[in-house]
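This report concerns only the one structure given below.
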Amino acid sequence: MSVHLSRRRFVGSTAALSLSALVPRGLLAASSATQKFVVRAGAEIALVRPEFHGHFAEHLGSCVYGGLWVGKKSPIPNIDGYRKQAVDYLRELGIPVLRWPGGCYADDYHWRDGIGPLEQRPKRVNIHWGGYIEDGSFGTHEFIGLCRLLGAEPYLAGNVGSGSPRELRDWIEYCNMPSGSTLAEERVRNGSAEPFRVRYWGVGNENWGCGGWMRPEVYGNLYRQFSVYLREFGGTKPFLVASGPNGNDRKWTRGFMDTLEGGAPGGLSMHYYEGGTDRATEFSADHLGQQLSIFKRVEEAVTEQRTLLDSYRDGHKIGLILDEWGVWDKIPEEDEKRYGKLWMQSTMRSAVAAGLGLNIFNRQADKLFMCNIAQIVNVLQSLLLTDGPEGKSCIRTSTYHAFALFKPHRSKTAVRVETQDSSPLAVSVSASKAQNELVVSFVNPRHDADFEIDCTLQGSTAREAKAVVLHDPDWNACNTFENPNRLLPQPHTVTLDGSRLRMDLPRLSVATVTVRTG
Ligand code: AHR
């Protein structure tokens, strides 16, 4: 089902800038261990939207139940039912946006099942993720409560596959209408006098797969129909996100756009997983290289889908959203039994993968609107792991730390960086600037090569530089419940010589340099 459909790989051309065309010849004759870069602070790309660091929580395994939500009566320390340690870690990182309740689950979720008195909420079977019974105790109010605790913008994924325009229209009214209507009064009776003011609304999920197995024309027609009824209530205009392609599937995007004939959605949701052939902690060197190479195709997919959208009238108004991304490795059955469906470790390799993705988002900041990694807790490439739904331990993964290393880029302006090498496993780089600061991130995906970074900062005067690195030569290294801090970002030596920045970039590392400028 979704796994296979989501892991299609695509090959295309690359549009990377070559440094050889831009740097005097002598400079390129350095040893192969030296990687040269030029940060062009004057060459602005676009704002690094905080939403590039967005997240996704599905009713799947122990992501919501037992992960984020333990219930108010749980012996696990909690804040009104939310796992306290998870809330503390996520607040520290900052969660700009959170998408819920799926994923595949969204197109079989009926929002009325998750409101009102707990004892009256129906019990439903989760048909996509193991056939277990959901008691509905985490519903709309609980989700909004979590978003408020985390300071995250809520993003609700609506049901198209097994739902109706009326059901989704009513959910929007229930959430956003301040008062006066029967649905608004129901929300007030259920505990929220204030409207939720939810802006982001997904109109289905993977409707080419688990969301109804539709052809793009069929989905396009349904999107047209649904969109007529999905309205502004109480001054909150919904930003509608249409179900987009699986990877770089142009046929889907074209079929959808041709059917639309105008009336652009706010966003188009593209999903791109980077499949892995081994278990997370047992990767071979070859498979590591194969998986990390996929990121080049992700970048091509972003540019090609953007170009395709822009070729349509009003297509430039549609925000391209990488709504689900991340590594998807082979998952041992014993781990799923113990910890929950799709529970997956995050290793040094995963952190490098996260860094490759986050660098792409900076470089393609003018083409993207939002990116949500799958998923926030316990499922796939998660930021936090808990030791099963009943477990008290909650640890930060290597992926959490990779996101933390990219946090300084948020809300800055991405700028161009010229590189020597644009092959799939080359050192990956991106940079952003604000008034008195320049931030540069480097990722070394090679397991067999350490590099010296020689980076010229053009167009700004550097005063002082500080670096932080996440690194382990063992790509299978990870944080565990026994050793939760094996992988932690560490201060790293960087030297500044006029406008030249130099540092070592060890194999398998993610490093961020913050430069004071002025
Ligand atoms: O993230 C897990 C699943 O992957 C989602 O439910 C679905 O949208 C995708 O196929």
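Of all the criteria given as (1) surrounded by fewer than 16 Cβ atoms within 10 Å (Cβ to Cβ); (2) more than 16 Å from the ligand (Cβ to nearest atom); (3) under 22 Å from Ala374 (Cα atoms), the one not satisfied by Val188 is (3). Give me a count of the residues in the range 409-419 that are buried (at least 19 other Cβ atoms within 10 Å of the Cβ) and either within 30 Å of Arg91 (Cα to Cα) or modelled with pLDDT under 95 (or both). Count: 4. Total residues in the range 197-226 satisfying the condition of being within 15 Å of Ala157 (Cβ to Cβ), more than 16 Å from the ligand (Cβ to nearest atom) and either in a loop (DSSP other than H, G, I, E, B) or of a type in the set (Gly, Ala, Ser) (or both): the figure is 2. For the range 274-297, the candidate set comprises residues that are within 16 Å of the ligand (Cβ to nearest atom) and out of contact with any Asp or Glu (no Cβ under 7 Å at 6 or more places or on another chain); within that set, the residue that is nearest to Asn372 (Cα to Cα) is Glu274.
Would you please name the residue that is surrounded by the fewest Cβ atoms within 10 Å (Cβ to Cβ), looking only at residues in the range 219-240 that are hydrophobic (A, V, I, L, M, F, W, C) and out of contact with any Leu (no Cβ under 7 Å at 6 or more places or on another chain)? Looking at residues that are hydrophobic (A, V, I, L, M, F, W, C) and out of contact with any Leu (no Cβ under 7 Å at 6 or more places or on another chain), I get Val228.
Given the criterion modelled with pLDDT of 50 or more, surrounded by fewer than 18 Cβ atoms within 10 Å (Cβ to Cβ), in contact with a Gly (Cβ under 7 Å, 6 or more places away or on another chain) and not basic (Lys, Arg), identify the matching residue among Gly61, Gly42.
Matching residue, one of Gly61, Gly42: Gly42.
Any residue at all in the range 139-156 that is surrounded by 21 or more Cβ atoms within 10 Å (Cβ to Cβ) and among the hydroxyl-bearing types (Ser, Thr, Tyr)? Yes, there is a match, as at least one residue in the range 139-156 is surrounded by 21 or more Cβ atoms within 10 Å (Cβ to Cβ) and among the hydroxyl-bearing types (Ser, Thr, Tyr). Output yes when any residue across the range 97-115 is without any contact (Cβ under 8 Å) to a residue 12 or more places away in the chain and either surrounded by 20 or more Cβ atoms within 10 Å (Cβ to Cβ) or over 26 Å from Tyr223 (Cβ atoms) (or both), and no when none is. Looking for residues that are without any contact (Cβ under 8 Å) to a residue 12 or more places away in the chain and either surrounded by 20 or more Cβ atoms within 10 Å (Cβ to Cβ) or over 26 Å from Tyr223 (Cβ atoms) (or both), one finds none in the range 97-115, hence no.
Looking only at residues in the range 268-318 that are surrounded by fewer than 21 Cβ atoms within 10 Å (Cβ to Cβ) and acidic (Asp, Glu), the one that is nearest to Lys251 (Cα to Cα) is Glu304. Sub-8 Å Cβ pairs linking a first residue in the range 53-67 that is within 22 Å of Tyr200 (Cβ to Cβ) and near the ligand (Cβ under 10 Å from one of its atoms) to a second residue that is modelled with pLDDT under 95 and not in a loop (DSSP other than H, G, I, E, B), at least 6 apart or interchain, are His59/Glu134, ordered by first then second residue. Looking only at the range 302-317, decide whether some residue is touching a residue at least 40 places away in the same chain (Cβ under 8 Å), of a type outside the set (Asp, Glu) and within 16 Å of the ligand (Cβ to nearest atom). Checking the range 302-317: not a single residue is touching a residue at least 40 places away in the same chain (Cβ under 8 Å), of a type outside the set (Asp, Glu) and within 16 Å of the ligand (Cβ to nearest atom). Scanning the range 254-272 for residues that are modelled with pLDDT under 95 and of a type outside the set (A, V, I, L, M, F, W, C) yields Glu261, Gly262, Gly263. Report, by residue number, each residue of the range 449-508 that is over 23 Å from the mean Cα position of the chain (by Cα) and on the phi > 0 side of the Ramachandran plot. Of everything in the range 449-508, those that are over 23 Å from the mean Cα position of the chain (by Cα) and on the phi > 0 side of the Ramachandran plot turn out to be Gly459, Gly498.
Each residue in the range 410-429 was checked for being out of contact with any Phe, Trp or Tyr (no Cβ under 8 Å at 6 or more places or on another chain), under 21 Å from Leu508 (Cβ atoms) and not charged (D, E, K, R), and 4 of them qualify. Considered as a group, the residues in the range 191-218 that are touching a Ser or Thr at 6+ places or on another chain (Cβ under 8 Å) and of a type in the set (D, E, K, R) include one that is surrounded by the fewest Cβ atoms within 10 Å (Cβ to Cβ), and that residue is Glu217. Scanning the range 68-113 for residues being of a type in the set (Phe, Trp, Tyr), in a helix (DSSP H, G or I) and more than 16 Å from the ligand (Cβ to nearest atom) gives a total of 2. Taking the numbered list (1) touching a residue at least 60 places away in the same chain (Cβ under 8 Å); (2) in contact with a Lys or Arg (Cβ under 8 Å, 6 or more places away or on another chain) in turn, Glu186 passes all entries but (2).
The values are calculated or read from the model by the stated rules, or taken from the named source; none is laboratory data. This structure is a prediction, so every number in the text was calculated from the model and none was measured. So basically every Cβ, Gly included, is an ideal-geometry build from the backbone, and we count neighbours across all protein chains shown.
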